Structure formats: structure tokens, C-alpha cells
1. What is the order of L259, L39, L407, fewest Cβ neighbours within 10 Å to most?
2. With labels modelled as points extended 7 Å from the Cα through the Cβ direction, what inter-label distance (nm, one decimal) is found for S326 paired with R469?
3. With a sphere of radius 15 Å drawn around the Cβ of L431, what net charge do the other residues whose Cβ falls strictly inside it have (Lys, Arg +1; Asp, Glu -1)?
4. Relative contact order (percent) for the range 67-142, with alpha-carbon contacts under 8 angstrom and 6 or more residues of separation?
5. Provide the FRET efficiency to the nearest 0.05 for the R7-R27 pair, computing r from the beta carbons and using R0 = 30 Å.
6. Among the lysines, which have Cα under 16 Å from the Cα of K350 when same-chain residues fewer than 8 positions away are ignored?
7. Could you tell me the calculated FRET efficiency between T54 and S357, based on Cβ-Cβ distance and R0 = 30 angstrom, to the nearest 0.05?
8. Mind checking which aspartates and glutamates have their Cα closer than 16 Å to the Cα of K188? Skip sequence neighbours fewer than 8 apart in that chain.
Amino acid sequence: MKTEEFREHAHSVSNWMADYLATIESRPVRARTHPGEILAALPRAAPEEGEAMTEILADFDRVIMPGITHWQHPRFFAYFPANSSPPSVLAEMLTAAVAAQGMLWETSPAINELETRMMEWLRDLLGLPATFRGCIQDSGSSSNLAALMAARERATAGRACREGLAGHAPLAVYTSAEAHSSIEKAAKLAGIGGAMVRKIATDSDQAMRPDLLRAAIASDRAAGIVPCAIVSCIGATGLGSVDPLAAIGQIAARESIYLHVDAAWAGAAMLLPEQRHHLIGIDHVDSFAFNPHKWLFTNFDCSVLWLRDPEALAHALSVNPAYLLSPEGAAMPEYRDWGVPLARRFRSLKLWFVMRSYGADRLRQMIQQHIDWTNRLAEMIRATPDFEIVAGPRFALLAFRFRPGGLDDAQVDVATEHLLQQINADGRTYLTRTLLDGRPVIRFSIGQTNTEWHHVQEGWEAVCDLARRQRNDSGAALAEQGQGDRS
């Protein structure tokens with residue numbers, strides 16, 4: 001494709017992007033295709049000859065877009081947001097055009113040095129210790145893996161990276177029963193083993209119990225198992241719970257155990273000074289991770305990880321063949337040694353664009369609005385018959401249950417599951433489920449960049465409308481059953 005042809009299609013694509021963002025509310029939030037439908041519309045073999053870009057773009061609209069769930073829809077209240085924003089999109093466009101690979105400082109000094117400064121900006125905005133040094137990972141899973149690898153190296157005095165874990169006493173990782181599945185996955189990848197992850201039971205607020213943590217550590221030590229790491233959650237995935245960092249930090253310090261904080265979603269809330277009470281105990285923390293691509297309006301993928309001692313991780317991961325040796329390597333941190341991949345995208349550019357475009361004050365305002373709207377939604381739910389809040393609001397998340405009168409717990413569970421299915425088939429909004437004490441509940445997570453209060457109201461109105469239909473259908477079915485019984 002020649003430059004002028006590229007220019008023409010780039011204008012066409014940018015116009016499509018602007019139109020998409022302007023009209024996204026007219027689309028159903030969740031894709032309505034059936035399994036295999038997109039696959040059936042795609043040719044079974046690649047074309048032998050090149051095709052016109054106009055045809056490719058037309059097929060993008062015709063074939064691909066029907067199978068897209070619109071994560072940037074302002075009534076997307078499922079999971080946590082995988083956010084975007086216009087400044088971030090512009091940065092991604094430039095990143096794609098420049099197409100630089102930042103595996104070494106010398107392969108693009110700007111990639112390395114902008115990342116260094118962005119980690120300092122974010123660290124200071126969140127109120128983290130000035131001694132923390134950070135880097136950008138692709139996802140929270142990678143951040144958690146890097147943290148557990150650093151913990152493993154401390155627990156084995158660096159032996160694991162040199163010789164492996166064979167012959168070493170078993171290692172154990174301790175985390176909340178509410179912790180994200182990436183902790184267990186990271187333990188598997190780090191060679192610690194999924195079975196060695198101790199999922200500590202939680203209290204009535206779904207927070208890790210320090211007394212049970214102490215007991216688990218003591219039990220493992222007595223059995224010859226080496227405590228390797230504790231992972232504390234700020235805003236756990238299922239219900240947004242927050243572990244008591246101060247108490248856990250004291251245990252970690254007393255037991256000399258590596259302490260990592262997974263704040264993948266709620267870490268952005270630490271921009272608000274009134275939320276920083278959750279960081280009491282941070283002086284005992286060895287690493288801290290959160291995802292700007294969740295609640296800081298920055299395109300996926302962008303997870304940030306700070307470490308108190310990054311050299312320990314770099315030592316564990318550093319491999320230096322001749323083709324990676326650089327004379328400037330000692331002057332700046334080589335972030336290829338702070339994570340698994342050698343190749344590194346220019347992720348810091350979109351953070352720079354977002355933070356400069358919005359400014360810290362506007363970012364705080366947006367996060368605070370989402371928290372305020374969640375509290376207002378909670379008031380609405382409490383005032384609505386046949387619904388009960390079962391968790392939260394915590395930050396910008398709450399969970400509720402559909403409880404029509406006269407139903408026992410088992411029937412309430414069925415009614416709640418059925419309502420969620422109806423909500424997500426309807427298209428007006430999108431919610432997700434989790435379990436609380438083994439029973440299904442519905443999560444409502446506010447945090448999309450363009451969400452306004454009226455979108456929250458509209459989402460809740462859709463839930464109430466579908467609940468009314470479900471109640472009416474159930475009443476009609478019971479009435480019909482009664483007539484059948486009398487006949």
C-alpha cells in the first residue's frame with residue numbers, strides 16, 4: 001500500500017472510529033451472535049491475491065462488528081471496565097504507526113525514559129512510597145507473576161532462577177479466598193504449584209482473616225514448608241473486598257515473608273486522598289500492582305507494577321546473550337528484565353496522553369463520580385421491592401440478589417440466575433455474576449469512561465423492567481398450574 005492510499009484509508013478509518021464512538025449507545029451492549037456464526041462467515045482459506053482495502057473494511061462492518069461486545073458502551077456494567085478514551089486511542093494510533101520495539105534502551109530511548117517518568121507520576125499520584133520503582137506489564141496476570149517470581153527468588157536466596165526448585169523445600173503462597181485466579185496461575189507458572197496456594201477464608205466483609213493467615217503460616221512452617229509470599233487484595237474481583245493491609249503487613253514483617261498487593265481494579269481509587277486509608281501498612285509491602293486499563297481510562301493493555309527491590313527480580317530474569325548487550329544498559333533500567341517478554345510495546349505513550357489530556361484533577365473527579373453513583377444506585381436498589389444488596393457498595397461495585405416474596409433460598413438462586421440471563425439477552429445493559437457463600441449474585445460495576453448518571457438509571461430501569469416481566473410470567477405459570485390442578 002502506497003503512502004497516499006494509506007492516507008486515504010486512514011482518514012476513512014478515523015471517521016469510522018469517530019462515528020462509532022458517537023453512536024455506540026444505539027448498539028446492544030453485548031454481542032448477539034451464536035457460537036460459530038462469525039467463523040462460518042469467514043473463508044476457510046487465505047486469499048491467494050491481495051484484496052482491496054475497501055472490501056476488507058466493508059467485511060469488518062459486515063462480519064466482525066456483529067460479534068463485538070461493546071466494552072466502551074456507557075451502559076456496560078459487567079466485569080470491570082477495559083477502558084479507553086479518545087486521548088488513549090490517539091496514542092495507540094501513533095504507537096501502531098511508529099511500531100517501535102522497546103526491548104532495550106537503545107532500541108528506542110524514548111520508550112524507556114517515558115515509561116520511567118510515567119511510573120513516577122503514577123506512584124506519586126497514588127501516594128505510594130517514593131522508594132518504589134515501576135514498570136509497565138501487559139496485564140495484571142503478568143504483574144502478579146513477576147511479583148511471585150521476585151518472592152520466589154527471595155525465599156530461595158536466588159537459587160530457583162539458577163537451579164530450579166528441585167531439592168528445595170516446598171514453597172507456599174497465601175492469599176484471600178476472594179483473590180483473582182491469576183494468583184493461582186502465577187504460582188503454577190513460577191514453579192511453586194497451584195496446590196501450594198493457601199486460600200485464606202474471609203470474614204463477613206469478604207476480607208482475608210489475619211488470624212487464619214497466621215495459623216496457616218505456622219502450620220506450613222511446622223510441616224517444613226517455606227512461606228514464600230502473601231498477596232493482599234485491594235478491590236478483589238468478585239465483590240470488591242479489601243484485605244486489612246495493616247494487619248497483614250505486620251504479619252509479613254514479623255515472619256519475613258514477601259508481601260504483594262493486587263489492586264488491579266481499585267488501585268485507581270487511590271488517586272483520591274480519602275481512599276488512601278486502604279494503603280495503611282504500605283511500608284511493609286514489597287510490590288504493588290494495578291491496571292490503568294481498568295479504571296484509569298487507558299486502552300488495554302496497560303498494567304503497572306512497582307517493586308521495592310526491582311534488582312532482585314531483574315537478577316532472576318536477566319539473560320544476556322551478546323546481541324542484547326548495550327553500552328548504555330547500565331545507565332537506565334532495562335525493563336526487559338522486569339517481566340517475562342523480551343519484546344516491549346510503547347505502552348507508556350497512552351498513559352502520557354491520558355494524564356496530560358485529563359489532568360490529575362479531572363481523573364479524580366471521574367473516579368469520584370463513579371463511586372458516588374454507585375452509592376446512589378445502592379439507595380435505589382434498597383428502595384426497590386424484591387431486591388437486596390448482598391455486598392457493597394465498595395468503590396464503584398455492588399452486588400445484589402433478586403428475591404421475590406414467597407421464594408425459598410433455592411428458588412431465589414434460580415430466579416437470580418434467570419434474571420441475569422434475561423438482562424444480558426435484552427441488550428440494554430450488561431451485568432455479570434459471582435458467588436457469595438456459594439450462592440449466585442449479580443454484580444453491577446460502574447467505571448466506563450463515558451458513563452453518566454442517566455446511563456446508570458437506564459441500566460437499573462432495564463433490570464427492574466425485566467424483573468417485572470419475570471414476576472408476571474411466574475405468576476401466570478402458577479395460575480395456569482392451579483387451573484390444571486383443579487381440572
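1. L39, L407, L259
2. For the pair S326/R469, the computed spacing is 5.7 nm.
3. That works out to +1.
4. Relative contact order, the range 67-142: 14 percent.
5. With a Förster radius of 30 Å, E is 0.55.
6. K350 reaches K294.
7. 0.40
8. Cross-link targets: E153.
Each reported figure results from applying straightforward, stated rules to the coordinates on display, with no laboratory input. As the structure is a prediction and not an experimental result, all values here were calculated from the model. Methodologically, a virtual Cβ is constructed for each residue, glycine included, from the backbone with ideal geometry; neighbour enumeration extends over all protein chains shown.
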